[in-house]
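*Asks:* Take a look at this one; I'll ask things after.
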Amino acid sequence: MKKSAVMPKKNKRRGGGNKQPAKNSNNAGNTQTSASTASSGAKRAQPDAFIIAIDFGTTYSGIAWNYTSSGNTQILRDWPNQSSSSNKVPTTLRYSEKKGIQWGHVRPSPERLEWFKLLLNEPNYRTPDELLQRLKTKGLHGYPESASTHLAALETTIKTIPPGKKPVDLAADYLRELYKWAKLKLEESYPSLQEDLGREGGVVVKCCLTVPAIWDDKAKELTRQAAIQAGIDGNGVYMISEPEAAAVHCLTALEAVKGNLKVDNVYVIVDCGGGTVDLIAYQVCSIDPLQVMECNVGSGELCGSTLINRRFEDLVIRLIGQQAYDKMEDDDRIEMRDYFDKETKPKFFPSQGNDDEDDEEDEGVICSLPGVPDMDDPKLGIRVRRTKITIPTKDMEGVFEPVFVTITTLVQEQVTAAQKATGRNVDAVMLVGGFGSSNYLAKWLEKNVRNKDDTPVRLIRPLDPSTAIVDGAVQHGVDQHKAGNTSSWGIVKSRKARYHYGISVSVLFRPVVHPIRKRYIDPFTGYPMCRGRMHWAIKKGENMHQGVGIEGKFHCSVPIIDSTELQKACLIADQIIYASADEPAPEDVEHPNVHKLLTYVSDFSTVPTRHFERDWAITGRPYWNIPATFSIKLESADLVFTTLVAKQVIGEGKKLYHHEELAEKGPQMPIRRRGWFGLNNDDGDDHELEDDDGDNEENTYEHEYDPDGW
């Protein structure tokens, strides 16, 4: 037996037949892969289409559209059950036996479901209490001493989800109603389209959906599934991260006025929404066409403006007392929260002066407080009269500023990281999102964010920060449609991987290094191996380029079986993809911060056997050694996996994300081989074996099987 047939020599990653630079070089990933080469070619003119953008938010959602032939973008401001126009509609649901699904401006009631978007990032839970506790530990509670009952909205949602529905179903139901309303308003605006819009042979409709940049890949995939479940054509769905959409809008607006945007300029995009704050830093690569690259890994937290709402409610409890607060009716509390959320919070902007005389003249901030009897306490400086409470300005500042400190820390970290990555100052911070409209927040960031040389960082806001994301999403969808693209790259030339992505492999066993419980004898080679070692194909922070994948060479060892049916089943291989955000990357698959991301399925049975290498195991039985290439591409809101044999894509690989549904179903085929891949690793962590010819040949394998069943 020739060892080289089982343990092929180490191969470098390749793209399109060209040798790829080393991973740690500045040009890593800058060559085209075999898979992407096939899709290149002359661009075809695309038919005119309506691009509908949906900014699916935690607390509010927005819609815009653009007919590609006109170039005009319109923001939808007319919503059902609303007395006045608004850029956004509440992200709320209610299931009624008589009226069916109610959405948007839903009357407050115990059955009203809110904040369910956050549940897409936590799809796999056993009980509502477990889910709520998990969210609290991630920071959704706000801060430990909080006495606010504002989380009641989320608790209500979790505990009253209708039987048989999952978080993805809630998102799908809401998106379905939102999408139907958008198409209805389109038909009203363009009567000639009523029989033609989105129907086969009629006017093409495509949708661009936004997702938080801090979400993991499972949550992004669930969002896509929700959109498809909502009736949106899966082939016509673009996805883009929220801060990236904001960058498209803001940077394109700057580019429109010549001289405002220059090559090498660095911008930090800060998207402040209701639930999350997302940040990404970009450096301008070119002006015509406009292209940018990510400077460093994006960041964010669950520290959106709803945290300010909870702090406000705690302040009210402290001022009026727990007893008076407990006597308030639920409707009174809802009215108090709504007034603060829509009136006080966006408009509050205290005097910037430090004169003590100004404090004595403080007239306070008036907020709604129904259901509480009149009271006047000069010591506390509060007054409750006719369902209104007057709160001292200093106390109100204390509601906002701790949250501002958290946001400022996130912004400063991105600014510092961008400076380190680019070697130059950040030119501006671009503030967008619903809470990005706050002048108070804008001035706070302007005052407290600095470059390394202590120069202030300029702050830029679009005319309407709350619509910047949906505006950018429309533009992104239009650009992608016209280019005939299905990816999510748009103006982004390169981006940073937010996680490590890889597979579990087996390596030559080392007695002191590896745990003895993971030792086994490879039945094909007879060598002692250690299972469950991580090979990270993509490292966190690595540069990923448009249309370019990171490739690894694999060998899939398959026993040769007389039965055609069983042989075909053995040639369908499952490979589990793992992810981790830890630094440094964990080495063992059982590390608590290594998570199953998805299962990728490849069908080798479609490959002619002339591309297989026939060999003999130590047992004397024959087996196929199949050389394959595995490519991972990172998109704005998706991962793309491709398996190739002899430079040809084999079958149509599909991704099975490890959500609760997958765990319930279990393996689709008991006989399907799971993870029988050998990997030619080039990460520098060599596990070498001397062969008969004296060559050092790397061997890293993953074999999980029943030896007695072969």
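*Asks:* Modelled with pLDDT of 95 or more and either part of a strand (DSSP E or B) or among the acidic types (Asp, Glu) (or both) - does that describe any residue in the stretch 407-417?
*Replies:* There is at least one residue in the stretch 407-417 that is modelled with pLDDT of 95 or more and either part of a strand (DSSP E or B) or among the acidic types (Asp, Glu) (or both).
*Asks:* Looking for whichever is modelled with pLDDT of 90 or more, hydroxyl-bearing (Ser, Thr, Tyr) and surrounded by fewer than 19 Cβ atoms within 10 Å (Cβ to Cβ) here; the options are Tyr125, Tyr95, Tyr143. Which one fits?
*Replies:* Tyr95
*Asks:* Still on this model: Might you let me know whether the stretch 522-535 holds any residue that is touching a residue at least 40 places away in the same chain (Cβ under 8 Å) and at positive phi?
*Replies:* Let us first name the residues in the stretch 522-535 that are touching a residue at least 40 places away in the same chain (Cβ under 8 Å), namely 522-527, 529, 531-535.
Now narrow it down to the ones that are at positive phi: 526, 532.
So far as the stretch 522-535 goes, yes, one or more of its residues are touching a residue at least 40 places away in the same chain (Cβ under 8 Å) and at positive phi.
*Asks:* Which ones in the stretch 485-535 are in contact with a Leu (Cβ under 8 Å, 6 or more places away or on another chain) and either among the aliphatic types (A, V, I, L, M) or part of a strand (DSSP E or B) (or both)?
*Replies:* Ile491, Arg495, Ala497, Tyr501, Ile503, Val505, Leu508, Pro528, Met529, Cys530, His535
*Asks:* State all residues of the stretch 374-403 that are in a helix (DSSP H, G or I) and over 20 Å from Leu441 (Cβ atoms); if no residue qualifies, say none.
*Replies:* As a first pass, look at the stretch 374-403 and keep what is in a helix (DSSP H, G or I): 393-403.
None; the set is empty.
*Asks:* Which residue out of Gly423, Gly321 is surrounded by fewer than 15 Cβ atoms within 10 Å (Cβ to Cβ), modelled with pLDDT of 90 or more and farther than 29 Å from Ser86 by Cα?
*Replies:* Exactly one of Gly423, Gly321 is surrounded by fewer than 15 Cβ atoms within 10 Å (Cβ to Cβ), modelled with pLDDT of 90 or more and farther than 29 Å from Ser86 by Cα, namely Gly423.
*Asks:* Residues Ile561, Ile538, Ile572: which one is under 20 Å from Gly298 (Cα atoms) and of a type in the set (Val, Ile, Thr)? Steps first, answer last, please.
*Replies:* Numbers: Ile561 fails: under 20 Å from Gly298 (Cα atoms); Ile572 fails: under 20 Å from Gly298 (Cα atoms).
Within the list Ile561, Ile538, Ile572, the selection yields Ile538.
*Asks:* Tell me yes or no: at least one residue of the stretch 533-546 is in the same structural domain as Ala628 (by TED's automatic domain parsing), in contact with a helix residue (DSSP H, G or I) (Cβ under 8 Å, 6 or more places away or on another chain) and at pLDDT below 90.
*Replies:* no
*Asks:* Starting from the stretch 213-235, take each residue that is at positive phi and list its partners that are part of a helix (DSSP H, G or I), counting only C-beta distances under 6 angstrom and pairs at least six apart or across chains.
*Replies:* That search, which allows pairs on different chains as well, returns Gly231/Arg176.
*Asks:* Going residue by residue through the stretch 575-584, is there one that turns out to be surrounded by 16 or more Cβ atoms within 10 Å (Cβ to Cβ) and assigned to a helix (DSSP H, G or I)?
*Replies:* The answer is no, given that none of the residues of the stretch 575-584 is surrounded by 16 or more Cβ atoms within 10 Å (Cβ to Cβ) and assigned to a helix (DSSP H, G or I).
*Asks:* Let me ask another. Anything in the stretch 60-90 that is of a type in the set (D, E, K, R) and either free of Cβ contacts under 8 Å to residues at least 24 places away in the same chain or in the same structural domain as Gly433 (by TED's automatic domain parsing) (or both)? List them, or say none. Steps first, answer last, please.
*Replies:* Step one: of the stretch 60-90, the residues of a type in the set (D, E, K, R) are 77-78, 88.
Matches in the stretch 60-90: Arg77 only.
*Asks:* Run down Ser563, Ser557 and say which single residue is small (Gly, Ala, Ser), out of contact with any Cys (no Cβ under 9 Å at 6 or more places or on another chain) and either at positive phi or surrounded by fewer than 22 Cβ atoms within 10 Å (Cβ to Cβ) (or both).
*Replies:* The conditions single out Ser563.
*Asks:* Kindly check whether there is at least one residue in the stretch 616-633 that is surrounded by fewer than 16 Cβ atoms within 10 Å (Cβ to Cβ), in a strand (DSSP E or B), outside the structural domain of His476 (by TED's automatic domain parsing) and modelled with pLDDT of 85 or more.
*Replies:* Checked against the condition, which is being surrounded by fewer than 16 Cβ atoms within 10 Å (Cβ to Cβ), in a strand (DSSP E or B), outside the structural domain of His476 (by TED's automatic domain parsing) and modelled with pLDDT of 85 or more, the stretch 616-633 yields at least one hit.
*Asks:* Any residue at all in the stretch 260-271 that's outside any helix (DSSP H, G or I), touching a Leu at 6+ places or on another chain (Cβ under 6 Å), in contact (Cβ under 8 Å) with a residue 12 or more places away in the chain and crowded, with 24+ Cβ neighbours inside 10 Å?
*Replies:* Within the stretch 260-271 (the criterion being outside any helix (DSSP H, G or I), touching a Leu at 6+ places or on another chain (Cβ under 6 Å), in contact (Cβ under 8 Å) with a residue 12 or more places away in the chain and crowded, with 24+ Cβ neighbours inside 10 Å), the answer is yes, since at least one residue qualifies.
The values are calculated or read from the model by the stated rules, or taken from the named source; none is laboratory data. If you're wondering where the values come from, they're calculated on a predicted model, not measured in any experiment. So basically every Cβ, Gly included, is an ideal-geometry build from the backbone, and we count neighbours across all protein chains shown.
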